[in-house]
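Enquirer: One structure coming up, written as structure tokens, with questions to follow.
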Amino acid sequence: MRLAVIGAGMAGILSAIKLDEAGLTDFTVYEKADRLGGTWRENTYPGLACDVPSHLYSYSFALTPEWSHRFSPGPEIYGYFEKVAKDHDVVRYMRFGDEVTECTYDDGRWRLRTASGHTDVVDVVIAATGVLHHPRYPDITGMDTFAGAMFHSSRWDHSVSIEGARVGIIGTGSTAVQIVSAITTDVAHLTLFQRTAQWVMPQENPAYTDEEQASFRSHPEHLATLHTNLAEAFGIFANAVVDSHSPEIKMIEDACRANLEDNVRDPELREALRPTYRAACKRLIISPNFYDAIQLPNAELVTERIERIEPGGVRTADGRLHELDVLVLATGFKADAFMRPMRVAGRSGLTLEQAWAPRPEAYLSISIPDFPNFFMLNGPNGPVGNFSLIEVAELQFDYILQLIDQIRSGACREVSATRDATDALEAERTEAAPNTVWVTGCRSWYLDDRGIPAVWPWSFERFRTVMRQPELASFELR
Ligand SMILES: Cc1cc2nc3c(=O)[nH]c(=O)nc-3n(C[C@H](O)[C@H](O)[C@H](O)COP(=O)(O)OP(=O)(O)OC[C@H]3O[C@@H](n4cnc5c(N)ncnc54)[C@H](O)[C@@H]3O)c2cc1C
């Protein structure tokens, strides 16, 4: 059996390790960039860190005693993925600098074509192409007229010095908060352009002491316990967001409100920073020091609507020009693109664009009807929230491997979710959506074009249970 994995980020590396372990060694991991790492290769902005604890944001089979902080910085996370891939000797499967542009199902096999013209024919495709991958740029008049340096947060231009510069940041998500917290002390002036205020959950980020790290090294079993305990603790969060009346969500709201009340001194700034929707409706921001940073004398929060961008800076609707040398677009990602713009055509030439009109949909986020032997990791409608996507990918991979085993054992040659199972799950998912905190009055990237959260609306425990073993009746096995 020959396989192709598309993408060498966290999920692609996981796939390579697990396929190799399963003895399925005839595969290539296609990666369009020149290195592995995905998110953690692309994002290099100052302040980048994990917002789930590092001992949880680790592969369950590659726990490490070396994390420097409870929430370790981005370069360390990148280094972790690089090391795990090397330690498991899977880099040899990776083909870098070649983007898969087409996957076509033909005569029982997938025909792949890459940007370089290379072709491959495989039995199974695993798309590990990421979710927060394609930058979303704002549509603001005059963007191309800015005379200073302007870049998206995930394309940070390190040739531009921010020291002593007047820096503007558009956006108020986790990324913007991390950047503001990291750079305000270095820049001459920082302007944060806020369209929507965000709740901020206070969270200390202590460094692990040498003694703690030494103890992890000598007692690796403690790492496994810590991983399990953290998964359970964050499971509480995952369960809180899917029940907007839960006591846990109230606890989160109280903590965020107290953070705002206790730590923002100026009443006017406090009101400007106060969201008008419930905590965790948008992805919850976790920060030990954002409020400190935004209260520094050289920091300014601008809530006035942006009118246009001019050579000298950003002009807001009140007519004021905010003069800037550097403008950072912390405006997020096209979270509904998934593996697109890759062209994927399944049975009878059905394209992904057709299958996904009007919106992306997949059975348990891993399989699409009429796209046999084509599986996704972190595909549409999966769990998102403040927990580890590594665990999500691990559970999904183990599930996919069981489906691949159906082919390997000769039970069938083709596996894809049935239309009925997909429709039934989608109907159930839509019905559960109103219970979640994501529909309590905010706009976020979780919501689809109908305003329904495009994510898993049930508990994480349910996800773990469902992922344990495929229900074969939900699949068409031919
Ligand atoms: C700033 C930021 C902070 C985050 N923090 C957290 C966090 O704290 N906790 C958490 O759980 N998650 C976090 N995430 C989510 C993070 O994206 C996932 O945890 C994880 O890294 C996703 O891994 P992935 O392999 O699925 O996708 P990615 O890391 O996006 O990797 C996808 C890879 O596929 C490649 N690719 C895509 N299309 C093609 C193609 N057609 N051909 C070839 N190669 C292709 C890309 O180049 C990329 O290398 C964060 C995301 C961002 C952007």
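Enquirer: Dipole magnitude of the chain about its Cα centre, charges +1 at Lys/Arg Cβ and -1 at Asp/Glu Cβ only, in debye to the nearest 20?
Expert: Working: 45 positive and 66 negative charges, 164 e Å.
Magnitude of the dipole: close to 780 debye.
Enquirer: Could you tell me the center-to-center distance, by alpha carbons, between region 199-257 and region 328-348 in angstrom?
Expert: Centre-to-centre distance over Cα atoms comes out at 31 Å.
Enquirer: Follow-up. For helix 389-408, what angle does its Cα long axis make with the longest principal axis of the chain, in degrees from 0 to 90 and rounded to 10?
Expert: Tilt of helix 389-408: around 10 degrees.
Enquirer: Calculate, for region 359-398, the solvent-accessible area per residue in square angstrom, rolling a 1.4 angstrom probe over the heavy atoms of the protein chains.
Expert: The answer is 15 Å² per residue.
Enquirer: Can you send over the carbon and sulfur percentage of the accessible area for the chain, probe radius 1.4 Å, protein chains only? Can you show the working numbers first?
Expert: Details: 9830 of 19900 Å².
The value for the chain is 49 percent carbon and sulfur by accessible area.
Enquirer: Going by Cα centres, region 1-79 and region 371-422 are how many Å apart?
Expert: Between the Cα centres of region 1-79 and region 371-422 lies a distance of 19 Å.
Enquirer: With the cut-off at 19 Å, tell me which of the pairs K86/K334; K18/K83; K18/K334 have Cα atoms farther apart than that. Intermediate results must be reported in sequence, preceding the final value.
Expert: Values: K86/K334 31 Å; K18/K83 16 Å; K18/K334 29 Å.
The pairs that break the limit, which is 19 Å between Cα atoms, are K86/K334; K18/K334.
Enquirer: Another question, if that's okay. Roughly how many Å² is the accessible area per residue of region 17-85, as a whole number, for a 1.4 Å probe? Walk me through the numbers before you get to the answer.
Expert: Values: 2260 Å² over 69 residues.
Counting only protein heavy atoms, the per-residue value for region 17-85 is 33 Å².
Enquirer: If you count the DSSP beta bridges with both ends in the chain, what percent of them are antiparallel, to the nearest 5?
Expert: Values: 27 of 64 bridges.
Counting DSSP beta bridges with both partners in the chain, the antiparallel share is about 40 percent.
Enquirer: Could you work out how far helix 220-241 tilts from the main Cα principal axis of the chain, as a 0 to 90 degree angle to the nearest 10?
Expert: Result, in degrees: 70.
Enquirer: Can I ask one more? Might you list the cysteines of the chain that have no disulfide-compatible partner by the rule of another cysteine's Cβ under 4.7 Å?
Expert: C50, C103, C256, C412
Enquirer: Pairing the Cα long axis of helix 419-432 with the longest principal axis of the chain, what angle in degrees results, from 0 to 90 and rounded to the nearest 10?
Expert: The angle comes out at about 30 degrees.
Enquirer: Still on this structure, I have one more. With every protein chain kept in place and ligands, DNA and RNA left out, what is the accessible area per residue of region 165-307? Probe 1.4 Å, answer in Å². If you can, show how the numbers build up before the last one.
Expert: Details: 6700 Å² over 143 residues.
Averaged over the residues of region 165-307, the accessible area is 47 Å².
Enquirer: Now a separate question. Would you kindly calculate the translational diffusion coefficient of region 317-450, applying Stokes-Einstein with the Kirkwood radius from alpha carbon pairs, for 4 °C and a viscosity of 1.567 mPa s, and quote it in µm² s⁻¹ without decimals? Write down the numbers at each step before the final one.
Expert: Values: Rh = 17.5 Å.
The calculation lands on 74 µm²/s.
Enquirer: How much of K83 can a 1.4 Å solvent probe reach, expressed as accessible area in Å² and rounded to 10?
Expert: 120 Å²
Enquirer: Another one. Using modelled backbone amide H atoms (1.01 Å from N, in-plane), which distant-in-sequence or interchain residues come within less than 5 Å of A49's amide H?
Expert: The answer is G74.
Enquirer: Arrange the residues E361, E268 by how much accessible surface each exposes, largest first, with a 1.4 angstrom probe. Can you show the working numbers first?
Expert: Values: E361 40, E268 145 Å².
Most to least solvent-accessible, the answer reads E268, E361.
The values are calculated or read from the model by the stated rules, or taken from the named source; none is laboratory data. Everything quoted here is computed from the prediction, not taken from an experiment. Note that each Cβ is placed from the backbone with ideal geometry, even for glycine, and that neighbours are counted across all protein chains shown. All accessible areas refer to the heavy atoms of the entire protein, side chains included, with ligands and DNA or RNA removed. Shrake-Rupley method; radii C 1.70, N 1.55, O 1.52, S 1.80 Å.
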